[in-house]
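Here's the structure we're looking at; comments come further down.
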Amino acid sequence: MKAERRAAMELGEKLRLARLKAGLSQRALCGDEITRNMLSRIEHGAARPSMKTLAYLAARLGKPVSYFLEEDTVCSPNQAVMTAARRLFDGKDYAGAMQALAQYRAPDEIYSRERQLLEILVRLHLAEEAISDGREPYALELLEAVAALGRDAVYYSEDLEQRRLLLLARIPG
């Protein structure tokens, strides 16, 4: 990965974490100065903000611009874990994402909800793969874990529960 792209990703991650810690949605942080789409691109490292935009965002977050430009600022001990898990999940490497999530160290107010949701999604995908491969006991174990995680997860939706139930229905017996 090129150094410039890595720097954009680090800046975006710091921005995202600061926004989440401030309890702001992307739309709330954007105000009237930038679009939510542009902020999303910045947070994902797909775009670099101008200094004017960065100064605006930093001011809205109550941080100095230098905070976002300094290297090696670790906002959370789980930052690298979640970044790796997201990348693996996006690349459809669900087993790898699960291994990355196993490195998560609780408690972490920044990532706990995202970790719950990502773990649920990973387990659903792994269960689907297990069913397709004829490993029903493993699929059942994964789906039971999804149900347990779903009881405490803020973002566990009816759609996710429906998906879990549909997968359960595919398991014979």
Checklist line | Shape of the range 79-169, Cα gyration tensor, a/c cut at 1.5 | finding: oblate
Note to self: To make sure I understand the rule: partners must be aspartates and glutamates, Cα under 18 Å from the Cα of LYS63, and not fewer than 8 residues away in the same chain. Which ones qualify?
What the structure shows: GLU10, GLU13, GLU33, GLU43, GLU71, ASP72
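Based on the alpha-carbon gyration tensor of the range 3-69 and its eigenvalue square roots a ≥ b ≥ c, which shape applies: rounded if a/c is under 1.5, prolate if not and a/b is larger than b/c, or oblate?
On the way: a/c = 1.44, a/b = 1.29, b/c = 1.12.
The shape class here is rounded.
Ignoring GluC sites (Glu not before Pro) that are buried or in helix or strand per DSSP, and keeping those with at most 14 other beta carbon atoms within 10 Å, what is the longest stretch of the chain between them? Could the numbers behind the result be given before it?
On the way: sites that count: GLU33, GLU70, GLU71, GLU109.
In the chain, the maximal stretch lacking such sites is 110-173.
What full-extension length gain, to one decimal in nm, is calculated for LEU168 and TYR155 as 0.36 nm per residue of separation minus the Cα-Cα distance?
Values: separation 13, 0.36 × 13 = 4.68 nm, distance 2.05 nm.
Length difference between fully extended and current span is 2.6 nm.
A short reminder: the numbers here are calculations on the coordinates, not readings from a lab. Because the structure is predicted, anything quoted here is derived from the model rather than measured. Because the Cβ atoms are built from the backbone with ideal geometry, glycine has one as well, and the counts that use them run over all protein chains shown.
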